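Enquirer: My questions will all concern the structure given below.
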Amino acid sequence: MIITLPFKTPTVNHLYFNWKGRTIKTKEAKELKKEILELVGGSWNEIQSRQIKDKTLKVVVEVYEDWLCKDGSVKKKDVANREKFIIDSVFDSLGIDDKYIYELIIRKVQSEKEQAIIKIEVYNEI
């Protein structure tokens, strides 16, 4: 299963805040999660999600973005803190518990077009 999110995925730092010791989603996070639900949902993905439900999974998250400075050095941007929100939102939209992820790969992909591509497949190593 391949899912494309055709927009820049924000970092966890922009999606949550702490209030009285609790972690709360921002308005932006709630709206983005709703948008992901609309993109990922649908009968086609329902059929595919039934094929991988309750199976161990391998997930590859590719974050496409301009990762380089003008001088060619790598920008100080962390890719890992984007993964949690992407995984939670996509898996909630599919109705699959992310506890079944046994292998997770996160990649930066140099690109002018900002997007995220999530590849989910059955993990056969167990």
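Just so it is clear, none of the values below were taken in a lab; they were calculated from the coordinates. Keep in mind it's a predicted model, so treat the numbers as computed, not measured. Because the Cβ atoms are built from the backbone with ideal geometry, glycine has one as well, and the counts that use them run over all protein chains shown.
Enquirer: Indicate the gyration tensor shape class of the chain (rounded, prolate or oblate), computed on the Cα atoms with a ≥ b ≥ c the square roots of the eigenvalues: a/c under 1.5 is rounded; otherwise a/b larger than b/c is prolate and the rest oblate.
Expert: Values: a/c = 1.71, a/b = 1.26, b/c = 1.35.
Note, shape of the chain comes out oblate.
Enquirer: Further question on the same structure: Determine ³J(HN,Hα), in whole Hz, for all residues of region 54-71 in sequence, where each value follows from phi through the Karplus function 6.51 cos²θ - 1.76 cosθ + 1.60 and θ = phi - 60°; x replaces Gly and Pro.
Expert: Residue by residue, region 54-71 yields 6, 10, 5, 10, 10, 10, 10, 10, 10, 9, 8, 6, 7, 9, 10, 7, 4, 7 Hz.
Enquirer: Sticking with this structure for a sec: Taking the Cα-to-Cβ direction at ASP66 and at LYS84 and moving 7 Å from each Cα, how far apart do the two end points lie in nm?
Expert: That separation, rounded to one decimal, is 2.9 nm.
Enquirer: Using 0.36 nm per residue of separation minus the Cα-Cα distance, give me the extension gain between ASP98 and ILE117 in nm, one decimal. It would help to have the intermediate numbers written out before the result.
Expert: Values: separation 19, 0.36 × 19 = 6.84 nm, distance 1.67 nm.
That pair, ASP98 and ILE117, stretches by 5.2 nm at full extension.
Enquirer: At a Förster distance of 25 Å, what's the computed FRET efficiency of THR56 paired with LYS20, Cβ-Cβ distance as r, to 0.05?
Expert: Efficiency for this residue pair is about 0.10.
Enquirer: I've got another one for you. Tell me the mean residue ellipticity at 222 nm calculated for the chain from its helices only (DSSP H runs of n ≥ 4, each -39500 (n - 2.57), averaged over every residue, nearest 500).
Expert: Helix-only estimate at 222 nm: -10000 deg cm²/dmol.
Enquirer: Which of the residue pairs LYS30/LYS84; LYS77/LYS108; LYS8/LYS76; LYS25/LYS84; LYS27/LYS75; LYS27/LYS99 have a Cα-Cα distance greater than 19 Å in the structure shown?
Expert: LYS27/LYS75; LYS27/LYS99
Enquirer: If you don't mind, there's one more thing I want to ask. List the residues whose amide H sits under 5 Å from the amide H of LEU57, counting only those 5 or more places along or on another chain, with H placed 1.01 Å from N in the peptide plane.
Expert: The list, which skips near neighbours in sequence, is ILE101, TYR102, GLU103, TYR123.
Enquirer: Sticking with the crude label model, points 7 Å out along Cα→Cβ, report the distance from GLU31 to GLN48 in nm, one decimal please.
Expert: Reported label-point gap for GLU31 and GLN48 is 2.7 nm.
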